Amino acid sequence: MGILNLRRRRTALAAGLATVAMAVGLSAVPAQAVDKTKYIALGDSFAAGQGAGPYRDDVCYRSENAYSELAAGAKAIKLVTNAACSGRTTQDVVNSQLRQLNNTTELVTITAGGNNLGFGDIITNCGAALRDPVAAGPACQTASAAAAAKIASGQLAGEVASMIQSVQAAAPNAKIVVTGYPYLYDPVPLDPTNPMSAFIYQATDLTNGLNWSIAQAVLATDTDTTDVQFVDVRAAFAGHGILSTDDPWINGATGSPDGFHPNAKGYLAYYTALNAEKVYSAP
């Protein structure tokens, strides 16, 4: 009986030591890293982060404050690259940025379409028209009318949809999120006697048309077998346009390429809007 008790005690001791060893071993092993979503950002200057600085280059104006860079700090996100570049149209995105995508890409965000409407020409010509409506007014009207026609005809929506389809082909396993654009100026009622009011009213109308076109493109490409989402950022910027006396999140006419682009707070608003839609959450 004494030998049996001794054996039982030894067996219990061994089991206890094994339990302790396992506990110590488990505590020594680091927790498994979260399997992060492989993320690539595409698009134009609003995706690159132009307006916020500091920049990683002086051609594409990719900023450390771009919304994709802010997302890189999210627990569930691994930013592979921000391939966006200033001045790019939807076709430019297809021609020069899709090589970054492959079967392992799990999330793609895109901000593009503004340059298809000649965003730079409209800002330049219509800004000049505010100072000299006689000399610059016709060029402003021509640029604005061309953009409005492209929206009304559905051409812009078709160009954005074609870009999305190319992204789907290059990254067949990815969720695709296409953002809209904010109002540069907070909307105001039209006052035909006030040139600035008329300019803001026209800019608001074009921005609405741009966002409508992007939303239509997303509707056309989001099917039962794909995952395409539109995120509207206009509400996120409300009260923070260029003329905001409190806290503008968009740069005015700075005399530099940063003009008429979001500043660091503006890109934080982009990130916040995307995050609110669970874009940067774990699947």
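No value in this document is a laboratory result; all are computed from the given coordinates. What you are looking at is a predicted structure, and each value in this text was computed from that prediction instead of being measured. Using ideal geometry, Cβ is built from the backbone for each residue, glycine included, and neighbour counts are taken over all protein chains shown.
Could you name the aspartates and glutamates in cross-link range of LYS36, using Cα to Cα under 13 Å and dropping any fewer than eight places away on the same chain?
GLU106
Could you work out the helix-only [θ] at 222 nm for the chain, with each DSSP H run of four or more residues adding -39,500 (n - 2.57) and the total divided by the number of residues, to the nearest 500 deg cm²/dmol?
-15000 deg cm²/dmol
For the stretch 36-276, what is the charge dipole size about the Cα centre, in debye to the nearest 20, if Lys and Arg each add +1 at the Cβ and Asp and Glu each add -1 at the Cβ?
Its charge dipole is roughly 580 debye.
Nearest 10 degrees, 0 to 90: what angle lies between the long axis of helix 264-276 and the longest principal axis of the chain (Cα atoms)?
It is inclined by approximately 60 degrees.
With θ set to phi - 60° and the Karplus curve 6.51 cos²θ - 1.76 cosθ + 1.60, what are the ³J(HN,Hα) couplings of the stretch 36-52 in order, to the nearest whole Hz, using x for Gly and Pro?
Values per residue, Gly and Pro as x: 7, 6, 6, 10, 10, 9, 10, x, 9, 4, 6, 8, 5, x, 4, x, 10 Hz.
Quick check: pseudo-label points 7 Å beyond the Cα along Cα→Cβ at LYS75 and ASP191, how many nm apart are they?
5.0 nm
Under unit Cβ charges (Lys, Arg +1; Asp, Glu -1), what dipole magnitude, rounded to 20 debye, does the stretch 185-257 have relative to its Cα centre?
Dipole size: approximately 220 debye.
Specify the inter-centroid distance of the stretch 104-125 and the stretch 33-59, based on alpha-carbon positions, in whole Å.
14 Å
Between the stretch 247-283 and the stretch 70-88, what is the separation of their alpha carbon centroids in Å?
Their Cα centres are 13 Å away from one another.
Please name whichever of GLY259, VAL167, PRO195 sits farthest to the positive end of the charge dipole of the chain, dipole taken about the Cα centre and charges placed at Cβ: Lys and Arg +1, Asp and Glu -1.
Of GLY259, VAL167, PRO195, it is VAL167.
Taking the alpha-carbon centroid of each part, what is the distance from the stretch 200-241 to the stretch 163-199 in angstrom?
The stretch 200-241 and the stretch 163-199 have Cα centres spaced 5 Å from each other.
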